[in-house]
Amino acid sequence: MNEAEVVIIGAGHNGLTCAAYLAMAGLRVRVVERRKVVGGAAVTEEFVPGFRNSVASYTVSLLNPQIIADLKLAGHGLRIVERRAQNFLPAPDGSYLLTGEGRTRESVARLSGRDAAAIETFSQELEAIADVLRQFVLRAPPNIVEGFGIGAVGEAVNALGSANILRRLSLEQQRSLLDLFTRSAGEMLDERFESDLVKALFGFDAIVGNYASPYAAGSAYVMLHHAFGEVNGRKGVWGHAIGGMGAITQAMAQAARGHGVEIETDAGVREVIVEKDRACGVILDNGETIRAKYIVSNVNPKLLYTQLVPAGALAPDFLTRIGHWRNGSGTFRMNVALGALPSFTALPGPGDHLTAGIIIAPSLGYMDRAWQDAREFGWSRAPVVELLIPSTLDDSLSPPGQHVASLFCQHVAPQLPGGRSWDDHREEVADLMIATVERHAPGFAASVVGRQILSPLDLERQFGLLGGDIFHGALTLNQLFSARPMLGHADYRGPLKGLYHCGSGAHPGGGVTGAPGHNAARAVLADHRAFFA
């Protein structure tokens, strides 16, 4: 009989992380992946002859350092380099903001003396809160359970531990934390800063992957979520994986295989087998059946429960609620091959600013209008674009003298209004994104020698990102922490025995972190030990 102790659905970075930890603990693990390559959305591909780039996810900061160490990813070839400058924001009037070590205060001071003093205080405030919240990343949040028994006692202990972590924040920091969880980023930034570009620097983090205005309640948390990162031990820094994001997942796959994990590609799951209220195997698209004690899902929770688990195996109220799991990032991804580096009107010529995240969104109002536009028309007529040129840090991605760029574009409607299809408008919107960069860097359009386009529909079809949602579910207050993916299931255990969540739809959410995979492995191992105790 075709058997394993654990079957993991999906060889994205969280699935590979979970597999490696379980195999290191001695379990027999099999990973099945629908696509022909491992990595999920963290993959590197040649998209034009001679030009390679990260296809979907595109930059490094949130990958947890403990996971890098535990899986010995550096020993499997992973190398991450820091951007030489962090962010570059050009404005239509020729002004700009350039951030990074030794750059931020001077650059902000040219825009506003008041903001130059305020930005350090605000950044330190965010960092202090992020420092404490980082301790929640590699642990399950308190889970809500019914009744009073050993499970309730365990969760009470977990809740007490969580409260003790939060006590390390001062009262004023706790007030700020409440603001960050409930208020809009726009309101908080308007209170602290006067320069549009300074507000836009932080405001962009509030809408990355978030189909919302920066003035939407809860958008401040998305801003905080992006403050958790670090690169090579330096907090708040962004970097690039040499070889692209696929280098991360290839290193993870090597680590997992080194501990005996079997990884099978071109092996999509058609159905999770449920017998006597327990998940006990999967049926692949080719009809093959794999039996296992534990089934771990690295796919979007809504996709799992509405398409892979038989509806009759789930309670009606659970199925109704998961059907309302909100997805949609407003994301349009492009990769372009460039014959030459762009030159920006605000800061012409080459320089460290071209290694930065180049954010075309000069104000919070601009971002708000982009969202309103997308809701009304289907896409922003003046979109938000983050441009990265990873070949400035990694010459393995393109031919000598040429470059590749990632364009992370917002806002677009996950589903177009009026019944229109993204297949009919993909090229039109791609032209708009190129033209948006062209307005700030004349000659950019002419330098494009090839491009790869991923609409929200493409992201859903290729990577299982429903509505193009890069987080496997919006980071809203009702879909965070103990409510991710639902109250009662925040401990990585699904409503069926033997079924677990290890993807970004579980705590702590999206980004290339590995944390949900790590935490899910702990839950599986705890149950495994209890079963054999």
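The values are calculated or read from the model by the stated rules, or taken from the named source; none is laboratory data. On a predicted model such as this, the values are computed, not experimentally measured, just so you know. Cβ placement follows ideal geometry from the backbone for every residue including glycine, while neighbour counts extend to all protein chains displayed. Note: areas computed on protein heavy atoms with side chains; ligands, DNA, RNA excluded. Shrake-Rupley method; radii C 1.70, N 1.55, O 1.52, S 1.80 Å.
What the table shows:
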quantity	calculated
Complete set of residues in the range 314-330 that are over 30 Å from Ala374 (Cβ atoms) and either surrounded by 20 or more Cβ atoms within 10 Å (Cβ to Cβ) or of a type in the set (Asp, Glu) (or both)	Asp317
Residue among Asp395, Asp458, Asp352, Asp423 that alone is at pLDDT 95 or above, of a type in the set (Asp, Glu) and within 24 Å of Ser213 (Cα to Cα)	Asp458
Filter result (at pLDDT 90 or above, of a type in the set (Val, Ile, Thr) and surrounded by 18 or more Cβ atoms within 10 Å (Cβ to Cβ)) within the range 115-132	Ile119
Test: Leu97 is of a type outside the set (Lys, Arg), in contact with a helix residue (DSSP H, G or I) (Cβ under 9 Å, 6 or more places away or on another chain) and either assigned to a helix (DSSP H, G or I) or modelled with pLDDT of 95 or more (or both)	yes
The range 505-521 residues that are over 23 Å from Phe181 (Cα atoms), paired with ones that are open to solvent by less than 10 Å² (accessible area, probe 1.4 Å) and small (Gly, Ala, Ser) (beta carbon under 7 Å, 6 or more apart)	Gly517/Gly15; Ala520/Ala506
Every residue from the range 371-400 that is surrounded by fewer than 18 Cβ atoms within 10 Å (Cβ to Cβ) and either closer than 22 Å to Ala85 by Cβ or touching a residue at least 60 places away in the same chain (Cβ under 8 Å) (or both)	Gln372, Asp395, Ser396, Pro399
Neighbours by Cβ (under 6 Å, 6+ apart or cross-chain): first from the range 353-364, under 17 Å from Ala405 (Cβ atoms); second open to solvent by 10 Å² or more (accessible area, probe 1.4 Å) and of a type in the set (Lys, Arg)	Thr355/Arg83; Thr355/Arg84; Ala356/Arg83
Only listed residue being free of Cβ contacts under 8 Å to residues at least 12 places away in the same chain and either open to solvent by less than 10 Å² (accessible area, probe 1.4 Å) or under 20 Å from the mean Cα position of the chain (by Cα) (or both), chosen from Ser112, Ser107	Ser107
Residue check, Ala227 under 15 Å from the mean Cα position of the chain (by Cα) and at pLDDT below 95	yes
Residue in the range 464-485 that is at pLDDT below 95, out of contact with any Leu (no Cβ under 7 Å at 6 or more places or on another chain), aromatic (Phe, Trp, Tyr) and buried (at least 21 other Cβ atoms within 10 Å of the Cβ) present	yes
Every pair of residues 6+ apart whose Cβ atoms lie under 6 Å, when the first sits in the range 227-244 and is in contact (Cβ under 8 Å) with a residue 12 or more places away in the chain and within 14 Å of Ser123 (Cβ to Cβ) while the second is part of a loop (DSSP other than H, G, I, E, B) and open to solvent by less than 10 Å² (accessible area, probe 1.4 Å)	Gly229/Ser61
Ile248 being within 22 Å of Pro508 (Cβ to Cβ) and at pLDDT 90 or above	yes
Index of the failed condition, Tyr366 passing every other in (1) under 29 Å from Arg103 (Cα atoms); (2) in a strand (DSSP E or B)	(2)
Scope the range 445-463; condition open to solvent by 40 Å² or more (accessible area, probe 1.4 Å) and either over 18 Å from Pro342 (Cβ atoms) or under 16 Å from the mean Cα position of the chain (by Cα) (or both); matching residues	Leu457, Glu460, Arg461, Gln462
Leu111 vs. criteria touching a Leu at 6+ places or on another chain (Cβ under 9 Å) and modelled with pLDDT of 90 or more	yes
Identity of the residue in the range 283-308, out of contact with any Asp or Glu (no Cβ under 8 Å at 6 or more places or on another chain) and in a loop (DSSP other than H, G, I, E, B), that ends up most open to solvent (accessible area, probe 1.4 Å)	Asn286
Hey, Gly494 within 18 Å of the chain's Cα centre (by Cα) and crowded, with 21+ Cβ neighbours inside 10 Å or not	no
Unmet criterion (only one of (1) part of a loop (DSSP other than H, G, I, E, B); (2) within 22 Å of Gln410 (Cα to Cα); (3) not small (Gly, Ala, Ser)) for Leu487	(2)
Count of the range 1-56 residues which are among the acidic types (Asp, Glu) and not in a strand (DSSP E or B)	1
Which listed residue is modelled with pLDDT of 95 or more, over 30 Å from Ala11 (Cα atoms) and assigned to a strand (DSSP E or B), from Ala445, Ala405, Ala382	Ala382
Single match in Thr59, Thr44 (criterion: more than 13 Å from Asn298 (Cβ to Cβ), hydroxyl-bearing (Ser, Thr, Tyr) and open to solvent by 30 Å² or more (accessible area, probe 1.4 Å))	Thr44
Members of the range 71-99 that are among the small types (Gly, Ala, Ser) and either over 22 Å from the mean Cα position of the chain (by Cα) or open to solvent by 10 Å² or more (accessible area, probe 1.4 Å) (or both)	Ala74, Gly75, Gly77, Ala91, Gly94, Ser95
